[in-house]
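Scroll down for the structure; my scribbles are underneath it.
The values are calculated or read from the model by the stated rules, or taken from the named source; none is laboratory data. On a predicted model such as this, the values are computed, not experimentally measured, just so you know. Ideal geometry is used to build each Cβ from the backbone, glycine not excepted, and the neighbour counts take in all protein chains shown.
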Amino acid sequence: MMFAPADMQAILLSAKVGSVATLVALPLGFCAAWLLAFGRFRGKLLLELLFNLPLTLPPVVVGYLLLLLLGVQGPLGKLLEPLGIRIIFTWKAAVIASVVVGFPLLVRSIRLAMEGIDPQLVQAARSLGAGPLDVILTVVLPLSRRGLMAGSSLFFARSLGEFGATIIIAGNIPGVTQTLPLAIYDYASSPRGEGTALLLCIVSVVLALVVLLLHETILQRKRGT
Amino acid sequence: MPVISRIVLIGLFILSSARSSMATEISLSVAASLRESVTELSDLFQKRTPGVTFKKNFGASGALARQIEAGAPADLFFAANNEWVDYLIKKKLADEKSAGVFAYNQLVVAGKPGLKISSMQDLLKLNRIAIGSPKSVPAGEYAMTAFQKSGIDKQLEKKLIMARDVRECLLYADRGEVDAAFVYKTDALLFSKQTRILYIVPEQLHERVTYPMVLTVAGSKKAEAVAFIRFLASPEAKAVLTRHGFEVR
């Protein structure tokens, strides 16, 4: 059995959404992790809860809230509409769903790496005259490299699997917003789609395994050093 | 074995035997769009038939059929199209002789109250139209057939927003994310707040929207399940369906 063009598009779109989402989330995740690892401020616990919320919320809830926020009547959607930016029902919506849902995983990995940094190194840099930004760029960033890589791979894997939030704010439009999990759902709910559904499941499993293997390899190397 | 788990086991045993001696349970697998009507009908039947209880499982027809195929307990299957009933009959999991029509529905276009749609061609004026994914949602399949028969499928292609199910289509229409949505009349009546039925899609443009029902092989051996499916064909049951917006003949 061969893939239909729409199935191939679904696989490619999943890769595109995952990559773009990772690139978008990485700088944000780095800042969030830095705040949580080194910041001392009021409301830190609240921020921490907020960042972790998507991990425990059902993705359907995340999708519905994003629809309320980004839709034409939503507060953010209303701001974007005059600028000609429309997010709902485009591949960008799938990216946003992935970013929100995978964010806690990314932050967690980076934060763990940051908390493993010897505080004396940071103090030494400060005492040698490095400014806060300088410390972040020359000490914290390089030393949390592994956390960034591990977090990114986990985040990428999560976004390959994103379904619940995506189907609500992006729809299930073949060739436009239909990612791999959405295509599988479509085939699995059709009486004639069983074969293709299984085939796409295999693709999905292989992709996930490769990414998770990468993730484990990064973690192993970290333990080795 | 620890005392706790022994007590739990004995408790479970008592519970299960008590249930089976007191009541017969009829398991229903019901297409999501029939939730309200089937619930009302089964409550009605339960009230006048002592000793019968219902266990209802709601979902997409396809998911329900696959559950039954995998051995999930089900005596009666209500589907949103014939395909899934035929699928179970072909797999020898449903009793072909018991298959019948539960109700009919109408495909409608729902949207903003101000919009005027008086023909399929009028749809071309709209920017975004929500339909269920044609592959997995029967309402979406009917809509696609109607587009093709009206010769507007190519022009509409870029305007179609495909949703997971009919209720999601309605959500999009209610929030103003789409101009119009292809949904069933009963869903539009029950669930939309901001939208109105703008147009009833002529029935010659698609197969009639039919909800079949069938006893599973297990259900056909249960007298109570057989009695229930007979009750569903009674004038009284049909009156309930009509009140919910369904057609019965």
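Filter the range B:57-66 down to residues that are out of contact with any Ser or Thr (no Cβ under 7 Å at 6 or more places or on another chain) and either part of a helix (DSSP H, G or I) or within 14 Å of chain A (Cβ to nearest Cβ) (or both), then give me how many there are.
4
Kindly provide the set of residues from the range B:138-152 that are within 14 Å of chain A (Cβ to nearest Cβ) and free of Cβ contacts under 8 Å to residues at least 24 places away in the same chain, ordered by number.
The answer is B:M144, and nothing else.
Based on what the data block shows, is B:Y104 of a type in the set (S, T, Y), within 14 Å of chain A (Cβ to nearest Cβ) and surrounded by fewer than 24 Cβ atoms within 10 Å (Cβ to Cβ)?
no
So B:A180 ticks every box in (1) away from chain A (no Cβ under 14 Å); (2) at positive phi but one. Which box is left unticked?
All conditions pass for B:A180, except number (2).
Looking for something free of Cβ contacts under 8 Å to residues at least 12 places away in the same chain, among the aromatic types (F, W, Y) and out of contact with any Phe, Trp or Tyr (no Cβ under 8 Å at 6 or more places or on another chain) - is there at least one such residue anywhere in the range A:85-101?
No - not one qualifying residue is present in the range A:85-101.
Mind checking which residues of the range A:146-173 are among the charged types (D, E, K, R) and closer than 24 Å to B:S133 by Cβ?
Across the range A:146-173, the qualifying residues are A:R158, A:E162.
Residue under question is A:G129, and the condition is that it be away from chain B (no Cβ under 14 Å) and at positive phi; does it hold?
In short, yes.
Examine the range A:128-150 for a residue that is among the β-branched types (V, I, T) and buried (at least 24 other Cβ atoms within 10 Å of the Cβ), and state whether such a residue exists.
No: zero hits.
Please give the number of the condition B:K135 fails out of (1) buried (at least 16 other Cβ atoms within 10 Å of the Cβ); (2) within 14 Å of another protein chain (Cβ to nearest Cβ); (3) charged (D, E, K, R); (4) touching a residue at least 24 places away in the same chain (Cβ under 8 Å).
It is condition (4) that B:K135 fails.
Can you tell me how many residues in the range B:156-171 are modelled with pLDDT of 95 or more, out of contact with any Gly (no Cβ under 8 Å at 6 or more places or on another chain) and either more than 17 Å from B:S119 (Cβ to Cβ) or of a type in the set (S, T, N, Q) (or both)?
1
From the list A:R221, A:R192, which residue is part of a loop (DSSP other than H, G, I, E, B) and among the basic types (K, R)?
Unique residue meeting the criteria: A:R192.
Return the total of residues in the range B:85-105 being within 16 Å of B:S29 (Cα to Cα), of a type in the set (D, E, K, R) and free of Cβ contacts under 8 Å to residues at least 24 places away in the same chain.
1
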